[in-house]
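Below is one structure, written out as C-alpha cells; the observations come after it.
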Protein chains: 2
Amino acid sequence: MPRKSFLKPTLTLAGLLSLFALYSLFHTPTPNPNPNTGTIHLEENKKVNIYMYDLPRRFTYGVIESYAAARGGQAVSKDELLKYPGHQHSAEWYLFSDLNRPNEERVDSAVTRVMDPEDAELYYVPFFSSLSLVVNPIRPAVNASSDKPTSVYSDDQTQEALMDWLEEQVFWKRNNGRDHVFICQDPNALYKVIDRVKNGVLLVSDFGRLARNQASLVKDVILPYSHRINTYKGDIGIVNRKSLLFFMGNRYRKEGGKIRDLLFQVLENERDVIIKHGAQSRESRRMATQGMHSSRFCLHPAGDTPSACRLFDALVSLCVPVIVSDSIELPFEDVIDYRKISIFVDSSTAIKPGKLVKLLRGVSSERILEFQKELKKVKRYFEYEDPNGTVKEIWRQVSMKLPLIKLMSNRDKRMVLRDLTEPDCSCLCSNQTGVHTIL
Amino acid sequence: MPRKSFLKPTLTLAGLLSLFALYSLFHTPTPNPNPNTGTIHLEENKKVNIYMYDLPRRFTYGVIESYAAARGGQAVSKDELLKYPGHQHSAEWYLFSDLNRPNEERVDSAVTRVMDPEDAELYYVPFFSSLSLVVNPIRPAVNASSDKPTSVYSDDQTQEALMDWLEEQVFWKRNNGRDHVFICQDPNALYKVIDRVKNGVLLVSDFGRLARNQASLVKDVILPYSHRINTYKGDIGIVNRKSLLFFMGNRYRKEGGKIRDLLFQVLENERDVIIKHGAQSRESRRMATQGMHSSRFCLHPAGDTPSACRLFDALVSLCVPVIVSDSIELPFEDVIDYRKISIFVDSSTAIKPGKLVKLLRGVSSERILEFQKELKKVKRYFEYEDPNGTVKEIWRQVSMKLPLIKLMSNRDKRMVLRDLTEPDCSCLCSNQTGVHTIL
C-alpha cells in the first residue's frame, strides 16, 4: 500500500468554543451569479480564466540557469536563450510555454490567460519544481578556474522561499490556495512544502508519495510523463514486431518496485522475451526505441512509485503495455478507457512462473491489431508537442475542477464551528464489487 | 454529528487471491474518445445525453394514484389527469415533467433526453420516492362502500421492487449504477434500498440520514425544497418589515432539532420577535407567509435533519435567513455564495440568552438592503416553475458529475486485485483552518 492514511485525527477543535459567523457582505471574492447577464448554459460553456503568477525569476528561468551552471554551462544574455533540459518531467515547461503564447493562438484551450488576477478563477504557479529537484548533479561539477564546486543551489530552500512569497499574496489568502494550480510531476517535487500546497490542484504523475489528505483523483490531475523515446511513425501491424515482450530498465527498485527483480526471474529465460537491466543513457534510449518498436507487448512494472515514463514510451511505440503495477493511476481516465489499449495483470499473477508469457502468447493477432488501432486513436493525448495533445487536455482537466473548487471555497467560508469527530471530507470510492468479476 | 463514519472496514479481500485481469477488448461500454470527430473543446461544450427509464407504471403515475386512492380520490381515465400533490419534496415531479417536454423546448438545458439508452451517458430513474413515502396517510382512509382500509400500498415493497427491476437492466449492470441518477429528496426516501443505489448520483436535500459511504458533495447534488409559501413580489425595503425575526414551526424535533426548544426559550419573550409553535396546515401557511413577508430576518433552525423547506420560504420572501444548523448543506453552492444572502450562527452562540437578538439589532438597514438585493439576484435558483430556475440548474449540476463518473467507471473496470487496508476513496476535505478566523 503506497498511500498513507488520511484519517489521522488532525482536528483538535476546542469543543464548544463559540464562534459567531456573521460573514461580511463585502470582500466576498467569488463570482456573483448574475441572472441578468445570460443563461446558465452560456456561463457553463465559457472558458475558465487563469492567471499565471509572474514569479520572481529564481523560480522559473533561474532554475534552468542553475541547472546549466551546475553542469558548467555558460551564462546567457537573455532568458529566452536558456534551454529547458529535456527529461521525463517536462510538463512544467510545456504548460509555462503554453500560457506564454498569445491567447489568439490558444483558441481551442479550455483556459484563457488573464493578466489581471482579479479576473481569474484559477491561479497557476509556474515553479519548475521537478527541474529544481535535479539542479545539482549527483556528482557536483567543479568550476575549472577555481576548483570549487559551483552547485550552491538548494531545492529545499527554493521550495520554502516560493511558499513564503506565495503565502503573502492576496489571492492565495482568499481561498487558502484552493484555486491555485501547482505542478509537481516528479514524485519528490515540492515534497518539503507539500502540506502547504495540498489545498491546491496538484498536477502529478501518481499518488505514490502523497497521503490521502494531500492528493486525490477528485482534486488533482494525473499527467502523462513526456515520452523519452521516439514515436513510432509506421502503421499498425505485427509483421515487424518479432519479439513478444520487451522491457529495459532498472532491475532493482525500492518499495513496489521490488516486483521488478521477481519479474526478471520469471521472464529472463523465456523465448521471444527481451528483458534487460539498464540505466538511463543515450545509448539505452536508442536500444529501448528499437526494442519497443519491434515488440508486440511492452512490460510496465511498478518502479519506486506506481507509474513511470516507460508506459508512455510504449504507448507512442504502438507496443501494447502490460501493466504490472497494482496501484497505478492513469492520465485522463475519463476520456481514455485503458482496457482498450493495454493489459493489466495483478502482481501476484504476473510473478507466477510461465503465467505471463503463456497469457500473452494466447492473445490473437487480430486482438493485437485492435489494441494498436486504439492506441493510434488516443496517441495524441501523450504528445506534449501536439497542438491537440497533452497540454490542451491538461487544461481541460484542470478547468473541470473549478465547480468543486468554488463549492468548497464558498462552503469553507460560511461553515460554523462544529464538533467533528473525523475530518469533514466528501469522497468518491472505488467500486470494489467490480474487481472480482473480471477475467 | 449527523453523519455516520464511512471507514468501517468493508473490504475483506482474500489476501493473495490472484486475479488475472486481461480485460476484454470488446464489450467496452464507455464512449470512445475519437480524435477524428472534433476538438476536445467541442466535446466539452456538448450537452450530456440522458436517458429516462420508462419505468413500470407503479413507480410513477401509480404512486400518485395510490396516494389519491388512500385519500378517497376517484380513479381517472388517463394518467395525464392524475395530479401530483404539491409538497416540499416536489422536485421529483418537476424533473420528470421536464424530461417529458420535447427537447426543442429544452434548448437551454445542460442535458438532452435520448430515447435510445445506447446513446446515453447518464440514466435517470424517475421513481417518485418521496411521494411513495407518504402514500399512506397517518390515519388510513376507509373506503365508504366496504368500510375496509384501502391503503394496501407499501413503500418498502415498492422500493424493493424498483431495485429488483433495475438490477436486471443491462445499463445498470454496465457501471454498477454509477451513471444512474436517483431522486430521494425526503430524508427517508429510498432508505430501504439506499445501499443498492449509493453508487449513483443522488439528488437529496441534505446528508442528514446518509452515511459517508452513501452520499457526498462530490458524487451527489443538493436540491432546494419547493417553497411552500408565496414568493414576495414587492421590491426590497424594510419599511414594511416591522418585526425583527420570525419563526413558525414545530418546537419539538429529534436529534439536531432539539436546538429548537432552546431557541424558543431564549427568543419567545423578546421584543419584535415572532416565534410560534405550529404544524403544517393551510392556515399556518397563510400566517407564515404574512410573517415572512413582514420580517427582516427569518430563523432557520435545524429540524430532524439539518435542512428544511423554511429556508427556501425565507429566501423567496426576501426575509434574510438566520441559519442555526451547524451541519447544513446548501444547494448549488458553487454558484451561490450564501454569505451574501444569509447569516450563519453556530448553535452554541445562538442559544446564549440575548445574544442572537442583540446581533441582529446591530445589523444596519443598509446591510439588510444589500442582503435583499442579493436575494433578488439568486431567487430564480429556488423557483422550480421558472424556466431559468431550479430544474435547469439541477440538470447543470448533474451534468458536471459526468467526468468523475466516467473516470471512476473506467478505473473500476481495469483495477486489479489489491491488498487494501482501507477503502480506496478520493476525497475533498473542508479547509478547517478557515473556520476560526471568521467573525
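The values are calculated or read from the model by the stated rules, or taken from the named source; none is laboratory data. In this text, all values refer to a predicted model and were calculated from it rather than measured experimentally. FYI the Cβ positions are ideal-geometry reconstructions off the backbone, even for glycines, and counts take in every protein chain you see. We work out accessible area using only protein heavy atoms, side chains counted, and drop any ligands, DNA or RNA first. Shrake-Rupley method; radii C 1.70, N 1.55, O 1.52, S 1.80 Å.
Apply the a/c threshold of 1.5 to the C-alpha gyration tensor of segment A:109-262 and tell me whether it is rounded, prolate or oblate.
oblate
Lys pairs in segment B:243-382, Cα-Cα under 14 Å, at least 8 apart or on separate chains: how many?
So the count works out to 4.
Chains A and B: how much accessible area gets covered up at their contact, both sides added, probe 1.4 Å, in Å² to the nearest hundred?
11700 Å²
With every protein chain left in place, what is the accessible area of A:T112 in Å² (1.4 Å probe, nearest 10)?
So the heavy atoms of A:T112 present about 40 Å² to solvent.
As a test of reading the structure, rank A:R396, B:R209 by solvent-accessible area (1.4 Å probe, protein chains only), most first.
Most to least solvent-accessible, the answer reads B:R209, A:R396.
Efficiency by 1/(1 + (r/R0)^6): what FRET value for A:S77 and A:N240, r their Cβ-Cβ distance, R0 = 51 Å, to the nearest 0.05?
That gives a FRET efficiency of 0.60.
Once fully extended, how much extra length lies between B:E118 and B:K358, figured as 0.36 nm per residue of separation less the alpha-carbon to alpha-carbon distance?
Difference between extended and current length: 80.4 nm.
Between copies, how far does the label point of A:K352 sit from its twins, in nm, shortest first, when each point is 7 Å from Cα along Cα→Cβ?
6.7
Which of the peptides B:70-76, A:268-274, A:194-200 is most tightly packed, and how do the rest follow, going by the mean number of other Cβ atoms within 10 Å of each residue?
Most protected by this proxy first, the peptides run A:194-200, A:268-274, B:70-76.
Under a crude label model (7 Å from the Cα following the beta-carbon direction), how far is A:Y252 from B:D108 in nanometres?
According to this spin-label approximation, the distance is 6.8 nm.
Under a plain spin-label model, where a point goes 7 Å from the Cα along Cα-to-Cβ, how far apart in nm are A:S281 and A:A161?
Between A:S281 and A:A161, the label points sit 3.5 nm apart.
What shape does segment B:301-439 take by its C-alpha gyration tensor, where a ≥ b ≥ c are the square roots of the eigenvalues and a/c under 1.5 counts as rounded, a/b above b/c as prolate, and the rest as oblate?
oblate
Rounded to two decimals, what is the ratio between the C-alpha radius of gyration of segment B:243-382 and 2.2 N^0.38 Å?
0.97
Report the net charge of residues surrounding A:V218, where surrounding means a beta-carbon distance below 10 angstrom and charges are Lys +1, Arg +1, Asp -1, Glu -1.
Charge balance in the 10 Å sphere: +2.
Put a point 7 Å out from Cα along the line to Cβ at B:Q157; what are the distances to that point in the other copies, in nm, shortest first?
7.9
Average partner chain C-beta neighbours within 10 Å, per residue of B:342-352?
6
Relative contact order for segment B:243-382 using alpha-carbon pairs under 8 Å, separation at least 6, rounded to a whole percent?
25 percent
Using a/c under 1.5 as the rounded threshold, could you call segment A:253-298 rounded, prolate or oblate? The axes a ≥ b ≥ c are square roots of the C-alpha gyration tensor eigenvalues, and prolate needs a/b larger than b/c, oblate otherwise.
Taking the square roots of the gyration eigenvalues as a ≥ b ≥ c, segment A:253-298 is oblate.
Taking B:L369 in one copy and the same position in all the others, each labelled 7 Å out along Cα→Cβ, what are the pairwise distances from the first, in nm, shortest first?
7.7
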